[in-house]
1. Could we say that residue 557 is of a type in the set (Lys, Arg), at pLDDT 90 or above and not in a loop (DSSP other than H, G, I, E, B) here?
2. Please work out if residue 342 is among the polar types (S, T, N, Q) and within 30 Å of residue 554 (Cβ to Cβ).
3. What are the residues in the stretch 354-378 that are within 15 Å of the chain's Cα centre (by Cα), modelled with pLDDT under 90 and under 18 Å from residue 407 (Cβ atoms), if any?
4. What about residue 283, is it part of a helix (DSSP H, G or I), closer than 24 Å to residue 367 by Cβ and either in contact with a helix residue (DSSP H, G or I) (Cβ under 7 Å, 6 or more places away or on another chain) or at pLDDT 80 or above (or both)?
5. Being in contact (Cβ under 8 Å) with a residue 40 or more places away in the chain and surrounded by 16 or more Cβ atoms within 10 Å (Cβ to Cβ) is the requirement here; does residue 126 meet it?
6. Among the residues that make up the stretch 304-322, is at least one of them closer than 21 Å to residue 448 by Cβ, among the polar types (S, T, N, Q) and surrounded by 21 or more Cβ atoms within 10 Å (Cβ to Cβ)?
7. If I go through the stretch 150-166 residue by residue, how many of them are assigned to a loop (DSSP other than H, G, I, E, B) and in contact (Cβ under 8 Å) with a residue 40 or more places away in the chain?
8. What do you reckon, is residue 105 over 27 Å from residue 351 (Cβ atoms), at pLDDT below 75 and polar (S, T, N, Q)?
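The values are calculated or read from the model by the stated rules, or taken from the named source; none is laboratory data. Worth saying up front: this structure is predicted, and the values here are computed from it rather than measured. Cβ placement follows ideal geometry from the backbone for every residue including glycine, while neighbour counts extend to all protein chains displayed.
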Amino acid sequence: MSSNSKIIEKNIPSVLMIGSPNAGKSTLFNKLTDKSAKTTNYPGTTVDYTTGYAGSNFNVKIKFLDTPGIYSLHPKTAEEEITHQLLFKNTENQSKNLILSVVDSTQFVRQVLITQQLIEQGFSVIVVLSMVDILEKNNITINVKALSEKLKCPVVPVNINNDADIKVLINQLHHQTINSNLGPTQKKALWKEEDYFNNFSRFQKIEKNLFSSSVKNYSANIDKYLLHPILGLVFFISIMTLLFASIFWIATPLIDSIDLLFANLGEFIVQISPDSLWTAFLGEGLISGVGAFMVFVPQIAILFLGLGLLEDSGYLARASSLVDKPLSKLGMNGRSFVPILSSMACAVPAMMAARTIPNKKEKFLTLFILPLMTCSARIPVYALIISFLFFGESVFLAGFILALLYFSGLVIGGLTASIINRFLSQKQNSFFIMELPSYKLPNFKKVVKQMLIRTNSFIKNAGPIILVLSIIIWGASTFPNYKIKNTNERFHKSYAAQVGKVIEPIFKPMGADWRVGLGILSSFAAREVFVSTLASVFNITEEHDTDIHQSLLSTMKTARFTNADGSVGKLIFTLPSVLALLIFFMIALQCMATVSIAKNEFGNWKVALIQLFSFNIVAYVLAVITYQGLS
């Protein structure tokens, strides 16, 4: 940015948006700003805040900072610490002029406490009452003028879908930023416990006098069922089952289309010059690597969309409270629920979602077990193994086994957390307090926008690593005899095959030969590569059979070891060896993108590498025990 740009930006009045989680702050931010919004990591942290400028249609120059949601001015989480820094310690405060305190009008008493603290600290504050459309639907009115007098600051009720309300707010902001400066202008001590109780009682009376009636009745009636100890769990399991089922139902045609697109594109590139190494690199290495990664993006996007809809409806907060008790017995709490849920699509965004966990021990345990959850990259491997074990059986049986594998991942993760928790010095769990927002219809446009942002973040974080490793595997599978026309012969004389034969003694104790070992080795680029590697090493091509998957299964049933003297040995794929393979993939940490993100979230390489090696060693040992014990 040029020096002139910096001067111009410094002269633009800024508004710091403060509010509790789920207050509607980010939705309002999106309405106020144009498409220049930028998400930024606060220096020295992994927590994001967003900046943007007033939309061009408003004809005003105002910069907005959408801060992480907070419950008080006493920072207890990473998010609250960042907001606290922006308020009290950041030197950029000199260029800010105003606090926009967003209060969910359906949660008025609890959320206005932050506003009152800001006012007492001497900040120039405008209060926005969000969710007023919900009040209007329930014929509830607010005496805004009287409330403004009580708070001694402007109060603006905003229906996010009403452009007139937004215009009123913009005008108020424009007027206020010209005539005020950001504090704090006072050095009053932050509230103690008795201050919270006293002000809570005070605002309960204000709500009773200035709000025409209670807004909580309909949400409370629904919660009788959704938060019921038994019925609530039934609803929870049903909703989560529907969510994960939809990931596969909806994503399948999208995955097939993307797969076909990249396959055709790769084939087209190769056919431009079949004998060229460069076209082979582009078509079979680069494009194939991108395609192998991109086919899973629809599942990730659909998961984010589903979670966004559940969050915006008000249900996700309740689901977190339902699982808080069982998770607390393992050393975690309800805040771990969303990362665990997200990890069933991919551990990369799940680890980023764990940033919201304030307690260091609980965050550590959550981050440590996330790679044990059944992610989407394991699905191709599980599908192959299940098809082999239950060949010709009902698809419902296969689906049931897959559900058991998901459950097994949760059990293994829970046991791991329980064991590690016994050795951690911090025994005391934190209290789990979560705002339960009123139920409402999700804002689909907002949810889709968040889904696109999160999916894009996933692609940027995981994509480059998977791409590079896929290209490396292509090179190892092609050289040094890249001029050999026969694909199978070229592969068996490649560096990859040479490595595979060297490492065969490592994998033989778990019932795998060098070809399966090479498949396992390749899966450290991406688990799903295991299936395509097996197809390659066993010479499964489109000419071999019209259905590559069925052909691979048939070959697996007859594939045998090669003895030292060159004679044919025993079968490779037996019940013990396949179960050993299944156990290995359930536990092993094979995703380098996850390791990279783990390093960022743990704050060092030490724990990330301990996680990497411990998971893989345990996976290998248990696989060997399984094979040797059942053989």
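1. Judged against the criteria, residue 557 is not a match.
2. Values: among the polar types (S, T, N, Q): yes; within 30 Å of residue 554 (Cβ to Cβ): no.
No: the conditions fail for residue 342.
3. 374, 375, 376
4. The answer is no for residue 283.
5. yes
6. No, every residue in the stretch 304-322 fails to be closer than 21 Å to residue 448 by Cβ, among the polar types (S, T, N, Q) and surrounded by 21 or more Cβ atoms within 10 Å (Cβ to Cβ).
7. The total comes to 2.
8. Numbers: over 27 Å from residue 351 (Cβ atoms): yes; at pLDDT below 75: no; polar (S, T, N, Q): yes.
So residue 105 does not fit the description; no.
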